[in-house]
Amino acid sequence: MNIPFSPPYIDDDVIDEVVRTLKSGWITTGPKTIELENETAAYCNVEKALAVNSATSAIMLVLHWFGVTKGDEVIVPAYTYCATALAVMHVGAIPVMADAGEDFNIDPEKIRLAITQKTKAIITVDIGGWPCNYNAVYNIVNDAEVKKVFNPANVQQKNLGRILILDDAAHAFGAVYNNKVAGSYADMTVFSFHAVKNITTAEGGIICFNLPAPFNNAQLYATLRLWSLNGQTKDALSKSKGGGWKYDIVYPGFKMNMPDVLAAVGLVQMRKYKTTLLKERKRVFDFYTERLQPFSWALCPVGKNDTAESSYHLYALRIKNITEQQRDEIITAIALKGVAVNVHFIPLPLLSVFKEMGFETGQYPQSYSLYANEISLPVYPQLSNAQCKIVADAVISEVEKILKR
């Protein structure tokens, strides 16, 4: 039996919705995209959410709006996917890396040490769907001494009066922190709807607006929506209506919109998410923990505690007392059994682009320590308990072989 790592959830309801959209004659940004935005905003308990073509684009759009530009610094985790830092570079700014804590997420104390007069934003990343320590992050940016260091360069930055907290919640749709759902605990939150995520639109992302007063989040949605459509005053659907062809370009914007044919995929999944898809992911996650926890070598990820609950995007298992080479051997052996596992993530300083910028792995020891013995197990609703057992047994078998050598 072959068990893939992360196939998309495509059922007949998704197919039917996509077919209806195709037959409607309208496949680019339009009513389905608006529906997806509205349902996302409702789920995340925010006023507005903006759908775009990727989470990377979403991060770039937010940073651009906040005026982050050449010479500015944005603090990012050393332990994340490259897109977090690349988005910073794409707006001309400098990514400043902070090491991880034991939970894979950015260490708040390392954030504090990385802040300078050039710091404009902090991008937190909820690795595997586990929320960062947002209480600690907010305490840092609201600290009187840190606020003194903040050097606002435009109206947006002056209105906020502190460093922006942008949550890269690519893994975290449905996660909970202090009784708040992801999307509603950072200033701005970006979700990914890429093919392997908990909800997918094949490719895509969405921005949740949660800025405090004096910001108007509905107004900000309208602004960024316009910017995501080349700065055009009318979208394609409005222009297609009789007599509605005239438009203006009022801002040198981007082409970052999400089309309806993709939004249709996510819309069906959104409507099943809380009642079915998230519960099934939790079932798989809990199955692995129950099966693996008895082994002394298994460092199992936390799914829930008194303050937070994961979105169960990944099962980031760590194996005690093994080397990176041994971890790689285990993965190869598991694959030969027909089970696909993965690693999340290669720390940024190990990647050529960032090495060439001068980042060194030795400066981020916790990130390397997490990476060297981590194996991500498949988590998705379609996995049966029987398949989960095959995955867990394959892991147990191959780890035990390595440890006995």
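The values are calculated or read from the model by the stated rules, or taken from the named source; none is laboratory data. These figures come from a predicted structure and were not determined experimentally. Here Cβ is always computed from backbone atoms with ideal geometry, including for glycine, and neighbour counts include all displayed protein chains. Remember, those area values only see protein heavy atoms, side chains included, never the ligands or the DNA or RNA. Shrake-Rupley method; radii C 1.70, N 1.55, O 1.52, S 1.80 Å.
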Check your understanding: Of the accessible area of segment 187-314, with the probe set at 1.4 angstrom, what percent is carbon plus sulfur?
Key -> 54 percent
Review point. Heavy-atom accessible area per residue, segment 254-405, 1.4 Å probe: how many Å²?
Key: 44 Å²
Practice item. Note the per residue figure in Å³ for the convex hull of the C-alpha positions in segment 55-144. Key: 90 Å³
Exercise for review: Enumerate lysine pairs in segment 302-396 that are 8 or more residues apart or on different chains, then count those whose Cα atoms are under 30 Å apart.
Suggested key: 6
Check your understanding: Around His171, what is the net charge, scoring Lys/Arg as +1 and Asp/Glu as -1 over all other residues with Cβ under 15 Å from its Cβ?
Key -> -3
Review point. What span do the alpha-carbon atoms of segment 249-405 cover on each of the three principal axes, reported in whole Å from largest to smallest?
Key: 67, 46, 37
Review point. Given labels modelled 7 Å from the Cα in the Cβ direction, how far is it in nm from Lys389 to Glu109?
Key: 4.4 nm
Exercise for review: Find how much the distance from Arg405 to Ala222 grows on full extension, using 0.36 nm per residue of separation minus their present alpha carbon separation; answer in nm with one decimal.
Suggested key: 59.8 nm
Exercise for review: Could you work out the mean projected area of the convex hull around the alpha carbons of segment 84-136, in square nanometres to one decimal?
Suggested key: 3.9 nm²
Check your understanding: What percent does the relative contact order of the chain come to when contacts are Cα pairs within less than 8 Å and at least six residues apart?
Key -> 22 percent
Practice item. Compute the normalised compactness of segment 113-260: alpha-carbon radius of gyration over 2.2 N^0.38 Å, N being the residue count. Key: 1.21
**Study point:** Cβ-based net charge around Val155, under 15 Å, with every Lys or Arg adding one and every Asp or Glu removing one
**Key:** +3
Revision key, fill the gap. Computed ³J(HN,Hα) along segment 146-158: with the Karplus parameters 6.51/-1.76/1.60, θ = phi - 60°, integer Hz and x for glycine or proline, the list is 5, 4, 5, 6, 4, 10, x, 10, 7, 5, 4, 5, 5
Review point. So how long is each side of the chain along the principal axes, counting just the alpha-carbon atoms, biggest first, in Å?
Key: 73, 56, 40
Check your understanding: Size of segment 176-296 along its principal axes in angstrom, Cα-based, largest extent first?
Key -> 67, 35, 23
Point to revise | Å³ per residue enclosed by the Cα convex hull of segment 87-198 | key: 112 Å³
**Study point:** Inter-site label distance for Asp12 and Val250 at 7 Å from Cα along Cβ, in nm
**Key:** 4.7 nm
**Study point:** Å² of accessible area per residue within segment 11-167, as computed with a 1.4 Å probe and no ligands counted
**Key:** 39 Å²
Revision key, fill the gap. Ser369 and Asn178 label points (each 7 Å along its Cα→Cβ direction) are spaced in nm at 2.7 nm
Point to revise | Cβ-Cβ FRET estimate between Asp306 and Met357, R0 fixed at 45 Å, reported to 0.05 | key: 0.70
